[in-house]
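Have a look at the structure below before the remarks.
The values are calculated or read from the model by the stated rules, or taken from the named source; none is laboratory data. Quick caveat: nothing in here was measured; it's all calculated off a predicted structure. So basically every Cβ, Gly included, is an ideal-geometry build from the backbone, and we count neighbours across all protein chains shown.
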Amino acid sequence: MKAAEVRNRFVNHFVKYGHDVVPGVPLPFDDPNLLVVNSGMVQFVPYYSGDIDPPWVRATSVQKCVRTIDIEEVGKTTRHGTFFQMAGNFCFGDYFREEAIAMAWELSTSPVEEGGFGLDPERIWPTVFETDDEAYDLWHHKIGVPKERIQRRGMEDNLWSMGIPGPCGPSSELFYDRGPAFGAEGGPEVDEDRYMEFWNLVFMTSIRGPGQTKSDYQLVGKLPHNNIDTGLGVERMATLLQGVDNLYEIDETYPVLRRATELSDRVYSGSGTSDHSAQAQTDVQFRVIADHVRTALMLIGDGISPGNEGRGYVLRRIMRRAIRAARLVGITGPVFPELLPISRDAMSPSYPELDTDYDRIAMIAYGEEDAFLRTLSSGTTILDLAVRQTKERGGSLPGKEAFTLHDTYGFPIDLTVEIAAEHGLTVDESEFRRLMTEQRQRAKDDARARKSGGADMSVYRDFGPTQFVGYESLEADAKVLGVIKDGELVRVATPGEIVEVVLDRTSFYAESGGQVADEGVIELGDARLRVLDAQKALKELVVHRVQVESGELTAGLAARTLVDPEWRLAARQAHSGTHVVHAALREVLGPTALQSGSYNKPGYLRLDFAWSRALDGLDLRGVEESANAALRRDLPVTVEYMTLGRARELGALALFGETYDSTSVRVVEMGGAWSRELCGGTHVEHTSQIGIVTLTGDSSVGAGVRRLEGHVGIDAVRFLANERSLVSNLSSLLKVSSGELVDRVSGLVQRLRAVEKELVQIRSARLAAEASALVDCAETVHGARVLTTALPSDQQAGDVRTVTVKTANGITDAPAVVLFTSLSDGQITCVCAVNKPGVKAGLSAASLLERFAAATGGRGGGSAAVAQGGGGDPRSIEAGFRAVAALVSETMPH
Ligand code: SER
């Protein structure tokens, strides 16, 4: 049975039992605690906690999920995938344990011809939470599963939560015995590869408190009603029903694996998980490729671009691991152009947007791979140097080098290990791991510090949604529902204090959809608050951050919200300007230039879009002209509410990563179809009200994403006026007309270059003269000439190197060692050179420099003929010189 059919059967089964089909949400879901959706229930959390009344009593969905917590397990076990689809049934205060268990059992065991999955009932092993007698009895008495096939498990396995404070509950998991060929007997307690979990039924009843692991938290309360949350792993069910060994061999993943084997000179043997042979390692890599290529496709498909933080990093890491795995199985050259289309073909029957959007996806993926391949080659150069130095010095490659390669060049550690091994070297991995742990701790501390402003959302959960009236009016009468300071409700706030205020209604636009929050004031009798920010703390709850200017602020007071009209007008111009620029961009570059993010505030706009090369002057001018032509056409701006389906039919552009209510979305149009976007922002009524749009330029914000920035309205005029005065200042400074400026400046630059070149020549000639005068000062140590001297300060390292080598090679009648230093900014630059007779006599510049560095506390390295270094304490230079002379004395025959 194909994976798509598993999805269909699941949904049909629950529709039959009165469940509404709810579409899954995009992977980058809007939740401060999650980078990407990792479970089917994520979109339903507010309904469990009772924050919002659920629009349905029973729901079913198939949700795209990405989990990277077990990424190291991918390919090693048969069942860990970074991307997977979770099919679920959910209910909020309706049926509970008994029905959930019965419905799951029915679908799992009813025959395939009757729409079920046809699993053998005798091979299903349910687990229950250790104290959940009710579930145990239902399985045993109602369903008839014998006692020996029901296992009780602890908190770690059978108390489900999202890993953070929030809804949780005991769970009952269904495992399927795949037979003795897959491992030891004894149920899931003994072997979770043989007994494969395929369905998790969570009986959501409680609220959990904070804690670090799956078993060290407390239950702190009950949910307002009992709920059901289940998740069936579509890929796992497909694995069972397709009779394959693991989830990398099902219909949605195997085509990629197969193509990878064609590109490689190795074979895939489908070895089992207990095998640790070299062939089994190769198999693991093929599975990693199959899994990761698909995950990358789905993440990019949902609008994520590779980056160094957050979601972007999740994607980048996955792609790099895939590329590395390909390299390990001997595939050279780019793999994504080969494998991504195969994954698209496997997935697009269920997700057609992967097909229609493929140009954009490909551009991002291929661009990222190109960039990483370049990284690999520059990393390899640096690694080669480290390998050479390690060989000269002996011992293993320092963990610090491996860490720098990883941290700065994105060079994966196992690649470092592998390349080092090719040279017969080991890597100090424990040092590497220590540095990684240190860095992770730093990142954690950072994140904690950033979040402590308001990470605990529980205080907000006491409030219902805020009614936003700011589309119609800049002012609203409201009531203060709560005052919050440092995450806690407070009774009163006095002048000067900065606090958060929750109202029942507001005219303030809370930052969202790229538009910044409104500015203005809130008046309450004789008290007055300045609004510094407005954010949506929960889905529809607006929290105003205010400073009390006068009077006292307490809950219960009647308030009037007053948005600054000038601010709002400028904000509307900027937001409408962003839509205009987006439409103009697509007019000039074509429909793949799709916005992936935006930011706008009064006078300024910024738009990120999928595109892999810099715009040339002509494109930029074209976009600017097309945008301003749209302002001149004075297109009407209209707002309409419709279903998501209708908006899609009309071709309205939706932003990736946003979750839209499927029953009512807000569509903003400019000139009908010319610009049609799903948007919650505030806009002008006619495009001419934007005034004028100027673009300041475009820049790169990661592989395959460009950023356009510009100004609108009076700020655009000011921007142009500034440019004009810049040109006129330059003209008068250079005494030419503006038309002659470019020629004049390029002439000046050329002359400057020539002069600089001359200067370099003069400087090195002078340095050489000084150095040759020093040759006479060289001392003789057991027949070798040793010259160690501090040259004048502030020499360029390159010059010092040239003169040192020249001086050493200028001495031909005896072995010679020259070590010159120069200070700049209190730092030592030092170069050591040994002439040919010296090298023959066994002297090594690298060892001599190492001695010098050890004595001064600096570092450096190089070859027997020349070595270079720096750092260290300038006060110990003389001691360094003596150490060099001492080593010469030790080395030269007496
Ligand atoms: N929330 C549960 C899980 O993710 C069931 O959907 O396993």
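The rows are residues; the columns are (1) in contact (Cβ under 8 Å) with a residue 12 or more places away in the chain; (2) among the acidic types (Asp, Glu).
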site: Gly186; (1), (2): no, no
site: Asp193; (1), (2): yes, yes
site: Val202; (1), (2): yes, no
site: Pro224; (1), (2): yes, no
site: Val244; (1), (2): no, no
site: Leu257; (1), (2): yes, no
site: Leu263; (1), (2): yes, no
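Among the residues that make up region 240-258, is at least one of them under 23 Å from Arg67 (Cβ atoms) and within 16 Å of the ligand (Cβ to nearest atom)?
Yes: one or more hits.
Hey, does region 363-371 have a residue that's crowded, with 22+ Cβ neighbours inside 10 Å, touching a residue at least 12 places away in the same chain (Cβ under 8 Å) and among the acidic types (Asp, Glu)?
yes
Out of (1) closer than 15 Å to Arg236 by Cα; (2) at pLDDT 90 or above, what's the single condition that is false for Val74?
(2)
Just to be sure I understand the filter: pairs with C-beta atoms under 9 Å, separated by 6 or more residues or on different chains, first member in region 51-76 and more than 22 Å from Val36 (Cα to Cα) and of a type in the set (Asp, Glu), second member within 16 Å of the ligand (Cβ to nearest atom) and modelled with pLDDT of 85 or more. Which pairs pass?
From region 51-76, the pairs are Asp53/Tyr47; Asp53/Phe92.
Having 2 or more residues that are more than 30 Å from the chain's Cα centre (by Cα) and over 19 Å from Pro26 (Cα atoms) is the bar; report the strands (runs of 3 or more DSSP E) wholly within region 589-692 that clear it.
Passing ranges, in order: 637-642, 665-670.
Which count do you get for residues in region 693-715 that are without any contact (Cβ under 8 Å) to a residue 40 or more places away in the chain and surrounded by 22 or more Cβ atoms within 10 Å (Cβ to Cβ)?
Counting residues in region 693-715 that are without any contact (Cβ under 8 Å) to a residue 40 or more places away in the chain and surrounded by 22 or more Cβ atoms within 10 Å (Cβ to Cβ) gives 0.
Which one of these does Ala100 not meet: (1) outside any strand (DSSP E or B); (2) touching a helix residue (DSSP H, G or I) at 6+ places or on another chain (Cβ under 6 Å); (3) within 13 Å of the ligand (Cβ to nearest atom)?
(2)
Could you please let me know if Glu779 is under 13 Å from Val818 (Cβ atoms), out of contact with any Phe, Trp or Tyr (no Cβ under 9 Å at 6 or more places or on another chain) and not hydroxyl-bearing (Ser, Thr, Tyr)?
Yes.
Only residues that are of a type in the set (Asp, Glu) and under 18 Å from Lys840 (Cα atoms): list them for region 874-894, please.
Correct list: Glu890 only.
Looking at Thr802, is it in contact with a helix residue (DSSP H, G or I) (Cβ under 9 Å, 6 or more places away or on another chain) and either exposed (fewer than 10 other Cβ atoms within 10 Å of the Cβ) or not in a helix (DSSP H, G or I) (or both)?
The answer is no for Thr802.
I'm trying to understand the selection: among the residues of region 197-212, which are of a type in the set (Gly, Ala, Ser) and more than 16 Å from the ligand (Cβ to nearest atom)?
Answer for region 197-212, where residues must be of a type in the set (Gly, Ala, Ser) and more than 16 Å from the ligand (Cβ to nearest atom): Gly209, Gly211.
Six or more apart or on different chains, Cβ atoms under 6 Å: show the pairs whose first residue is in region 375-398 and within 23 Å of Ser847 (Cβ to Cβ) and whose second is acidic (Asp, Glu) and surrounded by 15 or more Cβ atoms within 10 Å (Cβ to Cβ).
Hits for this filter: Ala386/Glu401; Ser396/Asp428; Pro398/Asp428.
Please give the strands (runs of 3 or more DSSP E) falling wholly within region 817-894 in which 1 or more residues are of a type in the set (Asp, Glu) and at pLDDT below 95.
In region 817-894, there are no strands (runs of 3 or more DSSP E) which contain 1 or more residues that are of a type in the set (Asp, Glu) and at pLDDT below 95.
From the list Ile69, Ile124, which residue is of a type in the set (Val, Ile, Thr), surrounded by fewer than 18 Cβ atoms within 10 Å (Cβ to Cβ) and either at pLDDT below 95 or more than 16 Å from the ligand (Cβ to nearest atom) (or both)? I'd like the intermediate steps shown before the answer.
Details: Ile124 fails: surrounded by fewer than 18 Cβ atoms within 10 Å (Cβ to Cβ).
On inspection, the qualifying residue turns out to be Ile69.
If Val543 passes every condition in (1) in contact (Cβ under 8 Å) with a residue 24 or more places away in the chain; (2) more than 30 Å from Tyr47 (Cα to Cα) but one, which one does it miss?
All conditions pass for Val543, except number (2).
In region 150-196, what count of residues is obtained for those that are β-branched (Val, Ile, Thr) and either within 16 Å of the ligand (Cβ to nearest atom) or in a strand (DSSP E or B) (or both)?
Qualifying residue count for the region: 1.
Looking only at region 174-187, filter to residues that are surrounded by fewer than 23 Cβ atoms within 10 Å (Cβ to Cβ) and of a type outside the set (A, V, I, L, M, F, W, C); which one of those is nearest to Trp199 (Cα to Cα)?
Step one: of region 174-187, the residues surrounded by fewer than 23 Cβ atoms within 10 Å (Cβ to Cβ) are 177-187.
Those left that are additionally of a type outside the set (A, V, I, L, M, F, W, C): 177-180, 183, 185-187.
Numbers: Asp177: 13, Arg178: 15, Gly179: 18, Pro180: 21, Gly183: 20, Glu185: 20, Gly186: 19, Gly187: 15 Å.
Checked region 174-187; the qualifying residue nearest to Trp199 (Cα to Cα) is Asp177.
Look through region 22-62, keep the residues that are in contact with a Pro (Cβ under 9 Å, 6 or more places away or on another chain) and assigned to a strand (DSSP E or B), and return whichever of them is farthest from the ligand (Cβ to nearest atom).
Of everything passing the filter in region 22-62, Val62 is farthest from the ligand (Cβ to nearest atom).
Suppose we filter region 223-277 for residues that are under 27 Å from Ser108 (Cβ atoms) and in a helix (DSSP H, G or I); how many remain?
Total satisfying the criteria: 10.
Sort out for me the strands (runs of 3 or more DSSP E) sitting completely within region 461-568 that have 1 or more residues that are of a type in the set (Ser, Thr, Tyr).
541-550, 558-563
For every residue, the table says whether it meets (1) free of Cβ contacts under 8 Å to residues at least 40 places away in the same chain; (2) not in a helix (DSSP H, G or I).
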site: Gln279; (1), (2): yes, no
site: Gln285; (1), (2): no, no
site: Ala290; (1), (2): no, no
site: Leu297; (1), (2): no, no
site: Ile304; (1), (2): no, yes
site: Met319; (1), (2): no, no
site: Ala325; (1), (2): no, no
site: Gly330; (1), (2): no, yes
site: Glu338; (1), (2): no, no
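I'd like to check something: does region 8-19 contain any residue that is of a type in the set (Lys, Arg) and at pLDDT 95 or above?
Yes, the conditions are met somewhere in region 8-19.
Can you name every residue in region 693-716 that is under 21 Å from Leu635 (Cα atoms) and part of a helix (DSSP H, G or I)?
Gly713, Ile714, Ala716
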